[in-house]
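K.L.:
Please read through the structure below; I'll follow up with questions.
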Amino acid sequence: MTAPTHVAIGMAASIVLARVNGLPFSALDLLIVVIGSLAPDIDSDDGSIVRPGKILRRFLTKGIADFVDGISKTIASLIKFIFGHRGFFHWPLFGAALYMGGLILELNWLMWFGWAYLWHILADFCTVSGVPFYGPFVTRKVAWSSLRTGSLSERLLALPIWLSVFILGWPLLPEQTRYWLTKFFSMLFPGVSG
């Protein structure tokens, strides 16, 4: 799946977990969920998440941004060479271990990271490429559906997930985050007031 769909799924799953269990969900937790939702694709050097310079381009000069992107792409290429894409970093057991480690050690950041990380893997399990669902015991990739990454079907699936993130997650967001999101959406849709 693409990065926006991974983020939507990770955020939706985290909002449900927070609401069902009455867990606090701060702006920092939200950032950790976004990072965890994308982290398993560190084994992909196609630029999907290994372009921090592009993301931070407003804050960095073009030369520094390109340098940061070059370093991160080199690291991702090395990881992909060693582990392959959708290899070790896409084992559900690894994601579950991160989540459980956060619970056991009472480290909220690790719990949220692991939770979102695990949902990334479950989302990729729903694509035609699949994941090594039984890794490390069996490394053959298993796919649950025929959904193709980047397809119209994926984008149509992501729409209601994003909608649920905004509806269910709105009360959990810090006041300052709600303020800036409202400001952002009022710029996108000037005729709509809320």
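K.L.:
Which entry in (i) 1, 8, 13, 17, 19, 17, 14, 7, 3, 1, 0, 0; (ii) 1, 8, 16, 18, 18, 14, 10, 7, 5, 2, 1, 0, 0; (iii) 1, 8, 17, 21, 22, 17, 9, 4, 1, 0, 0 is this structure's computed P(r) over Cα pairs in 5 Å bins from 0, in percent?
P.N.:
Working out P(r) over Cα pairs in 5 Å bins from 0, in percent from the coordinates points to (i).
K.L.:
I would also like to ask the following. How many lysine pairs does the chain hold where the Cα atoms are under 22 Å apart and the two sit 8 or more places apart or on different chains?
P.N.:
5
K.L.:
While we're looking at this one, here's another question. For the pair Ile75/Ile104, report the inter-label distance in nm, with labels modelled 7 Å from Cα in the Cβ direction.
P.N.:
If labels sit at Ile75 and Ile104, their model points lie 2.6 nm apart.
K.L.:
With n ≥ 4 as the cut-off for DSSP H runs, can you work out [θ] at 222 nm for the chain, using -39500 (n - 2.57) per run divided by the number of residues, rounded to the nearest 500?
P.N.:
Calculated at 222 nm, the ellipticity per residue is -20000 deg cm²/dmol.
Each value in this text was obtained by applying a stated rule to the coordinates, not by laboratory testing. Since this is a predicted model, take the numbers as computed values, not measurements. Note: ideal-geometry Cβ built from the backbone for every residue, glycine included; neighbour counts use all protein chains shown.
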